[in-house]
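Since the structure comes first, as structure tokens, the remarks are kept for the end.
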Amino acid sequence: MNNIIYKSCTLEKELVNILELQNENHYSSLSAGEIVSQGFLTCTHSLELLRNLNDVAPHIIATSNNKVIAYLLTMTATAERDLPFLKPMFNEFRKIAYKDKTISGYNYLIVGQVCIAKGFRGQGILEENYHLYKTLYRDKFDFAITEIATRNERSLKAHKRIGFKEIHRYFSPEGEEWSIVILDW
């Protein structure tokens with residue numbers, strides 16, 4: 001069994017490992033079969049952007065042999081200015097009512113992206129990353145929220161298993177359908 005450590009991202013090397021894992025699992029690097037069976041990532045980040053996001057709320061990672069094998073990126077509402085491609089999501093947050101107000105009226109934490117390295121899937125690593133995420137952030141934020149491309153069935157199922165609930169669907173200007181899901185602590 002691999003010796004897996006779950007922790008907050010603290011080192012530059014870990015940020016670089018996240019980028020490597022991200023590039024390996026971006027839809028442009030996968031076959032059509034892999035996209036359907038394994039899921040996919042829709043965006044990539046720069047090292048500077050990952051570092052800036054991490055400075056606000058550290059990303060959650062799992063490491064094995066000092067290499068990142070899984071990550072859960074964190075973002076706050078301040079990321080809107082740095083990530084113009086997420087503008088449609090933030091616009092939806094201003095329209096969607098949740099309980100007694102719009103999403104944008106809450107202090108929420110956005111799951112920026114999750115990824116598990118191919119050789120480590122199906123071992124409960126995503127669940128453990130989310131357990132640490134919840135432990136670290138539930139007293140600072142009202143809930144966690146993210147959007148998942150509806151064609152990414154593996155990710156939708158995994159997030160539902162963890163306890164995320166769908167609260168809204170919409171189409172981005174590019175025509176992608178997104179499911180907005182929330183993990184209310």
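Among the residues of the range 167-175, is there at least one that is touching a residue at least 12 places away in the same chain (Cβ under 8 Å), under 20 Å from residue 50 (Cβ atoms) and not in a loop (DSSP other than H, G, I, E, B)?
So in the range 167-175, the residues touching a residue at least 12 places away in the same chain (Cβ under 8 Å) come out as 167-170, 172-173.
Next, from what is left, pick out any that are under 20 Å from residue 50 (Cβ atoms): none.
Checked against the condition, which is being touching a residue at least 12 places away in the same chain (Cβ under 8 Å), under 20 Å from residue 50 (Cβ atoms) and not in a loop (DSSP other than H, G, I, E, B), the range 167-175 yields no hits at all.
Is one or more of the residues making up the range 7-20 at pLDDT below 95, open to solvent by 60 Å² or more (accessible area, probe 1.4 Å) and not hydroxyl-bearing (Ser, Thr, Tyr)?
yes
Does the range 81-129 hold any residues that are open to solvent by 20 Å² or more (accessible area, probe 1.4 Å) and among the hydroxyl-bearing types (Ser, Thr, Tyr), and which are they?
Selection gives 98, 102, 104, 106.
For residues that are outside any loop (DSSP other than H, G, I, E, B), without any contact (Cβ under 8 Å) to a residue 40 or more places away in the chain and of a type outside the set (Gly, Ala, Ser), tally how many sit in the range 62-92. Break it down stepwise before answering.
We begin by selecting, within the range 62-92, every residue outside any loop (DSSP other than H, G, I, E, B); these are 62-64, 67-75, 77-81, 84-92.
Subset that is without any contact (Cβ under 8 Å) to a residue 40 or more places away in the chain: 75, 77-81, 84, 86-87, 90-91.
Retained after the next criterion (residues that are of a type outside the set (Gly, Ala, Ser)): 75, 78, 80-81, 84, 86-87, 90-91.
Going through the range 62-92 one residue at a time, the tally reaches 9.
Mind checking which residues of the range 76-114 are within 22 Å of residue 21 (Cβ to Cβ) and in contact with a strand residue (DSSP E or B) (Cβ under 6 Å, 6 or more places away or on another chain)? Before you say what the answer is, go through the steps one by one.
Pass one, the range 76-114, residues within 22 Å of residue 21 (Cβ to Cβ): 79, 82-83, 85-86, 109-114.
Listed by number, the residues that qualify are 109, 110, 111, 112, 113, 114.
Please pick out the residue among 180, 162 that is in contact with a helix residue (DSSP H, G or I) (Cβ under 8 Å, 6 or more places away or on another chain) and open to solvent by 30 Å² or more (accessible area, probe 1.4 Å). Before the answer, list the steps.
Details: 180 fails: open to solvent by 30 Å² or more (accessible area, probe 1.4 Å).
Criteria check complete, one pass: 162.
Residues in the range 73-91: is at least one among the charged types (D, E, K, R), more than 25 Å from residue 169 (Cα to Cα) and at pLDDT below 95? Quick ask: steps written out before the conclusion?
Start the filter on the range 73-91 by keeping residues that are among the charged types (D, E, K, R), which leaves 80-82, 87.
Among the residues that remain, those that are also more than 25 Å from residue 169 (Cα to Cα) are: none.
No: the range 73-91 contains no residue that is among the charged types (D, E, K, R), more than 25 Å from residue 169 (Cα to Cα) and at pLDDT below 95.
Right, residue 42: surrounded by fewer than 20 Cβ atoms within 10 Å (Cβ to Cβ) and at pLDDT 95 or above or not?
Numbers: surrounded by fewer than 20 Cβ atoms within 10 Å (Cβ to Cβ): yes; at pLDDT 95 or above: no.
No.
Filter the range 130-156 for residues that are over 14 Å from the mean Cα position of the chain (by Cα) and farther than 15 Å from residue 72 by Cβ; which is surrounded by the fewest Cβ atoms within 10 Å (Cβ to Cβ)?
My answer is 139.
Rundown of residues vs (1) at pLDDT below 95; (2) over 17 Å from residue 103 (Cβ atoms); (3) assigned to a strand (DSSP E or B); (4) not hydrophobic (A, V, I, L, M, F, W, C), yes/no style:
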{"residue": "119", "(1), (2), (3), (4)": "yes, yes, no, yes"}
{"residue": "123", "(1), (2), (3), (4)": "yes, yes, no, yes"}
{"residue": "132", "(1), (2), (3), (4)": "no, yes, no, no"}
{"residue": "135", "(1), (2), (3), (4)": "no, yes, no, yes"}
{"residue": "141", "(1), (2), (3), (4)": "no, no, no, no"}
{"residue": "148", "(1), (2), (3), (4)": "yes, no, yes, no"}
{"residue": "158", "(1), (2), (3), (4)": "yes, yes, no, no"}
{"residue": "179", "(1), (2), (3), (4)": "no, no, yes, yes"}
{"residue": "182", "(1), (2), (3), (4)": "no, no, yes, no"}
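So, in the range 57-66, exactly how many residues are at pLDDT 95 or above and open to solvent by 20 Å² or more (accessible area, probe 1.4 Å)?
Looking only at that region, the number is 1.
The values are calculated or read from the model by the stated rules, or taken from the named source; none is laboratory data. Keep in mind that what you see is a predicted model, and the values were worked out from it rather than measured. Every residue, glycine among them, receives a Cβ derived from its backbone with ideal geometry; neighbour counts consider all protein chains shown. Only protein heavy atoms, including side chains, enter the accessible area calculation; ligands, DNA and RNA are left aside. Shrake-Rupley method; radii C 1.70, N 1.55, O 1.52, S 1.80 Å.
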